[in-house]
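Presented below is the structure to which this report refers.
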Amino acid sequence: MQRPNLRRTPLSIATQRQTVRRTLLSSALVASVLLGSSLAQAAPVALNIPAQSLANALNELGKQANLQILYSADQVQGIKSHSVSGSLEPVKALETLLQGSGMSYQLNGDTVILNAPQGKGLELGATTISGQGLGNSLTTEGTGSYTTGATSSSTKLPLSIRETPQTVTVVTRQNMDDQGAQSIGDVLRNAPGISTQAYDSDRMEYSARGYAITNFQYDGVNSMYDGVFDEGATKVDMALYDRVDIVKGATGLLSGSGEPSATVNLIRKKPTREFKASITGSAGSWDNYRTEGDISGPLNEDGSVRGRFVTALQDADSYLDHYSKKNQVFYGILEADITPDTLFTFGMDYQDIKPRGSSWTGNPYYFSNYTKTDFSRSFNPATDWSRRDVQARTTFASLEHRFANDWKIKGTLNQQVNDHDTQLGSASGDMPDPVTGEGMFFYWGKWEGHRVQNTFDLNATGPFSLFGREHELVVGYTSQESRQTGATFDGSLFQKVPGSIFDWRGKYPKPDFPKNGKYETNQNQNSAYIAARFKPTDDLSLILGSRVSDFQYNSTYKYYVQAPPTFEDNKTTSKQHGRVTPYAGAVYDINDTYSVYASYTSIYKPVTDRSISGTTLAPTEGNSYEIGLKSEYFDGRLNASIAAFRTEQKKLPIQIGTNPNTNEGIFESLDGATTKGVEFELSGEIMPDWNISAGYTYAQTRSDDGERVYGYPLETTKPENVAKLFTTYRLPGVLNKVTVGGGVNWQSPFYGKIYNNAKGDYDIIEQDSYALVNLMTRYEYNEHLTFNLNANNVFDKKYLTGLGNFNTTYYGEPRSLMLTTKYTF
């Protein structure tokens, strides 16, 4: 429970100071009689407290370890603390923080009273009481760290990275700021083990371990992914978030359905107990301008009600001709301590994305004579009116209560509302004449959609005793429902592009798209889950869990078969009941530094694709196995892991044709596919002022008959090797206001399929391996003002990031610069 963090201004009268001190100390002594020495027997907790001022470190310890710490500001003034990280008993952590300070402490139940260093007076000035808050998620903001002390993204149990029997990547606030990440796309592009492929100017697909990432969570609450339409999931602005947890492999325990790739959990920024505010301005290549504002603090005298407001405004052109984008973001959150053991949270966010000049697919790969085209990276096949407008609104609320036996119960309600207005015209169809440039036609169409998602999650976590040892348990229930409605407009007229594609500048009148259909899609998933962490010995932990889910999908598309109002229905239904997704993991501590682990988890994905007979295909089922070695160095400030994994999937849908009546794909189930690979990650602080985030992943996916597996509708494979490195170092001595850094993102070749009409079969095309080098530097003018310069793709590498989408290709972004200025109040 979050107890008030009271900062009292020193009183001018000495007797008043002494009265305050006596009152606090007397209360602590009474508590010691009533509660005994429970702190001395407290179990280890996951901590992440970097080296900093002792006052700030004690405050963090109070939050993360659920302690009350009483001390005078005079006692700790000017004293620096050591860092503390990993799973430690609170007393051990306190002793590490106080090491070398000359201070001692007294335990009184759950209260710690610090004694002044020898030779210092006992006069009590400003008194601070630190305490753990409900809802505290071990925020990384302000720590300067590239790692975190604990995460519950894998099992909903708060575990350190070393205690989690899966590969977990944590992208902290400091890492995002250093790399200039403004969207979730920026985060995933630079995250270890993640590869990126483009559909077109506005849609990206992010993949891990051979499969697309389709599971996105917000503060641990699931969100239904809208797939290729991407109505906001991969466009989320990062001004709202403290960190991103990426759990690799299948995650059926918490997500139920999806791909065995990864789950991306975005952790929101929370209100702070002390006032803080900042304003940030950025200016970059191609007239990319952005402003952020962030203000947070207490809303009443004792800090029991706190609030935070964040906004971001962006107006940017692009390296693509006649493409631009405007983005508006607003976020507000309130926290209220209803009682000393009950926390209520309410918040809302809104994002409005307005691109212009949006392409639909990319550029043709072949000329009409089947020689390769060579368009410039700036060439944009879209019309200037083409767009994919998205508005996303989220409202969330949670109520959390802590019981006297350390059990917590939390209920969360989340509603996401997404609207999209899509009007596309893109000169991407067919193959142009290599001399005249003639022969292209438009891909175009219009769609409107409105989607409402409601998610409710109720869970309880806490310790329990069995065979004389203490263990941990989480039980919960999740209900999700989504309703999507919209209209389609006729885009079947494949109008020829006038003149030469070489002279194309995006100027073409917008046609009058007649309405030709409407649709409604309903999805529901209800799940109950349970997971327990058993501790048979001090060195061994076993995590066992399971999720049982019901899934239902109904879609109706009414389309005109002749003049309105005559319709024909096209219906798709899918229902799964009692699907069980088990989870098992084991972690054994070899010593204080190294642990070995193994885990098994499954996942399934309901399929709505239909066979040539019109029946819905069976769901895809997958299992993931992982073994590895994890380590913590320098008291947990640096985390490393190496893993070997194997993923088996059955009944993968692949397209074999198109229904001429509905223009929908015809699919069949692939018997199976297997992914085998290894993964290495390193993140944290190598030495003071030197941070690193690095990873290498090898993942080879093959069907049961040994063939490569291509995606749909982006008909590509995934790169089998992905290596990423990013590091920063704050210079010593007189140059300590300067931080320099940089990194490289490298990936091996990947392959796409392009249909060749001349031979009546597919050609396999390839993007060779490539490396992108990024650099950064930061100058801290003073404690309030900093300047950050980022340079991406420094050597201006030309490469394709999209292959095979409607026989087209898409170039990646060339070299760019971004200067960011931040003022903190």
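The values are calculated or read from the model by the stated rules, or taken from the named source; none is laboratory data. Keep in mind the model is a prediction, meaning the values are calculated, not measured. Cβ sites come from the backbone with ideal geometry, for glycine too, and all protein chains shown count toward neighbours.
Meeting the requirement of 2 or more residues that are at pLDDT 80 or above, closer than 18 Å to residue 273 by Cα and among the acidic types (Asp, Glu), no helices (runs of 4 or more DSSP H) wholly within region 54-102 can be named.
Taking the condition modelled with pLDDT under 95 and surrounded by fewer than 14 Cβ atoms within 10 Å (Cβ to Cβ), does residue 825 pass? Judged against the criteria, residue 825 is a match. Of all the listed residues (294, 337, 406), the sole one being out of contact with any Ser or Thr (no Cβ under 8 Å at 6 or more places or on another chain) and of a type outside the set (S, T, N, Q) is 406.
Among the residues of region 695-734, those that are assigned to a loop (DSSP other than H, G, I, E, B), buried (at least 18 other Cβ atoms within 10 Å of the Cβ) and either on the phi > 0 side of the Ramachandran plot or at pLDDT 90 or above (or both) comprise 717, 718, 719, 720.
So is residue 642 surrounded by fewer than 17 Cβ atoms within 10 Å (Cβ to Cβ), in contact (Cβ under 8 Å) with a residue 40 or more places away in the chain and assigned to a strand (DSSP E or B) or not? Criteria not met by residue 642. Within region 571-581, the set of residues being within 27 Å of residue 533 (Cα to Cα), in contact (Cβ under 8 Å) with a residue 40 or more places away in the chain and over 23 Å from the mean Cα position of the chain (by Cα) comprises 579 only.
Every condition in (1) aliphatic (A, V, I, L, M); (2) part of a strand (DSSP E or B); (3) under 19 Å from residue 201 (Cα atoms); (4) more than 22 Å from the chain's Cα centre (by Cα) holds for residue 343 except the one numbered (3). The number of residues in region 735-748 being in a strand (DSSP E or B) and either surrounded by 20 or more Cβ atoms within 10 Å (Cβ to Cβ) or aliphatic (A, V, I, L, M) (or both) comes to 8. Taking residue 195 as the residue in question, decide whether it is touching a residue at least 60 places away in the same chain (Cβ under 8 Å), farther than 29 Å from residue 601 by Cα and outside any loop (DSSP other than H, G, I, E, B). No: the conditions fail for residue 195.
The residues of region 607-639 that are surrounded by fewer than 22 Cβ atoms within 10 Å (Cβ to Cβ), assigned to a loop (DSSP other than H, G, I, E, B) and of a type outside the set (D, E, K, R), listed by number, are 607, 608, 611, 612, 613, 614, 615, 617, 618, 619, 634. Considering every residue within region 749-762, establish whether at least one is over 22 Å from residue 178 (Cβ atoms), assigned to a strand (DSSP E or B) and free of Cβ contacts under 8 Å to residues at least 24 places away in the same chain. Among the residues of region 749-762, at least one is over 22 Å from residue 178 (Cβ atoms), assigned to a strand (DSSP E or B) and free of Cβ contacts under 8 Å to residues at least 24 places away in the same chain, which makes the answer yes. Is it fair to say residue 373 is under 19 Å from residue 505 (Cβ atoms) and touching a strand residue (DSSP E or B) at 6+ places or on another chain (Cβ under 7 Å)? Yes. Going by the conditions given, is residue 546 over 28 Å from residue 220 (Cβ atoms), assigned to a strand (DSSP E or B) and of a type in the set (Gly, Ala, Ser)? So residue 546 fails the test.
Restricting 155, 148, 172, 251 to residues that are within 21 Å of residue 728 (Cα to Cα), buried (at least 23 other Cβ atoms within 10 Å of the Cβ) and at pLDDT below 90 narrows the list to 148. Can you name every residue in region 618-643 that is of a type in the set (D, E, K, R) and more than 30 Å from residue 607 (Cα to Cα)? Within region 618-643, 630, 632, 635, 637 qualify. Inspection of region 181-200 identifies at least one residue that is in contact with a Ser or Thr (Cβ under 7 Å, 6 or more places away or on another chain) and of a type in the set (Lys, Arg).
Residues in region 480-512 that are under 27 Å from residue 571 (Cβ atoms) and buried (at least 18 other Cβ atoms within 10 Å of the Cβ): 480, 482, 484, 486, 488, 489, 491.
Set side by side, the residues 160, 201 differ, and just one is buried (at least 23 other Cβ atoms within 10 Å of the Cβ), touching a residue at least 40 places away in the same chain (Cβ under 8 Å) and either within 16 Å of the chain's Cα centre (by Cα) or under 30 Å from residue 427 (Cβ atoms) (or both), which is 201. Here residue 772 meets each of (1) crowded, with 17+ Cβ neighbours inside 10 Å; (2) at pLDDT below 95; (3) of a type in the set (A, V, I, L, M, F, W, C) with one exception, condition (2). Scanning region 781-812 for residues that are outside any strand (DSSP E or B), buried (at least 19 other Cβ atoms within 10 Å of the Cβ) and on the phi < 0 side of the Ramachandran plot yields one hit, 812. As for region 691-708, it holds no residue that is over 23 Å from the mean Cα position of the chain (by Cα), of a type in the set (A, V, I, L, M) and closer than 30 Å to residue 637 by Cβ. From the list 241, 206, which one is modelled with pLDDT of 90 or more, in contact with a Leu (Cβ under 6 Å, 6 or more places away or on another chain) and within 23 Å of residue 809 (Cα to Cα)? Result of the check over 241, 206: 206. Put simply, of 500, 492 the only residue that is modelled with pLDDT under 90, in contact with a Gly (Cβ under 9 Å, 6 or more places away or on another chain) and among the hydroxyl-bearing types (Ser, Thr, Tyr) is 492.
Is at least one residue of region 649-661 in a strand (DSSP E or B) and within 30 Å of residue 539 (Cβ to Cβ)? Checked region 649-661: no residue is in a strand (DSSP E or B) and within 30 Å of residue 539 (Cβ to Cβ).
The requirement of being among the small types (Gly, Ala, Ser) and surrounded by fewer than 20 Cβ atoms within 10 Å (Cβ to Cβ) is not satisfied by residue 398. Which members of region 597-653 meet the condition of being within 23 Å of the chain's Cα centre (by Cα) and among the basic types (Lys, Arg)? Across region 597-653, the qualifying residues are 605, 630, 637. I'd like to check something: does region 307-317 contain any residue that is under 29 Å from residue 224 (Cα atoms) and of a type in the set (Ser, Thr, Tyr)? For region 307-317, residues under 29 Å from residue 224 (Cα atoms) and of a type in the set (Ser, Thr, Tyr): present.
Name every residue in region 440-477 that is over 27 Å from residue 404 (Cβ atoms), among the β-branched types (Val, Ile, Thr) and surrounded by 16 or more Cβ atoms within 10 Å (Cβ to Cβ), in order of residue number.
Selection gives 455 alone.
Among the residues of region 353-382, the ones that are part of a loop (DSSP other than H, G, I, E, B), of a type in the set (Val, Ile, Thr) and within 26 Å of residue 237 (Cα to Cα) come to 1 in all.
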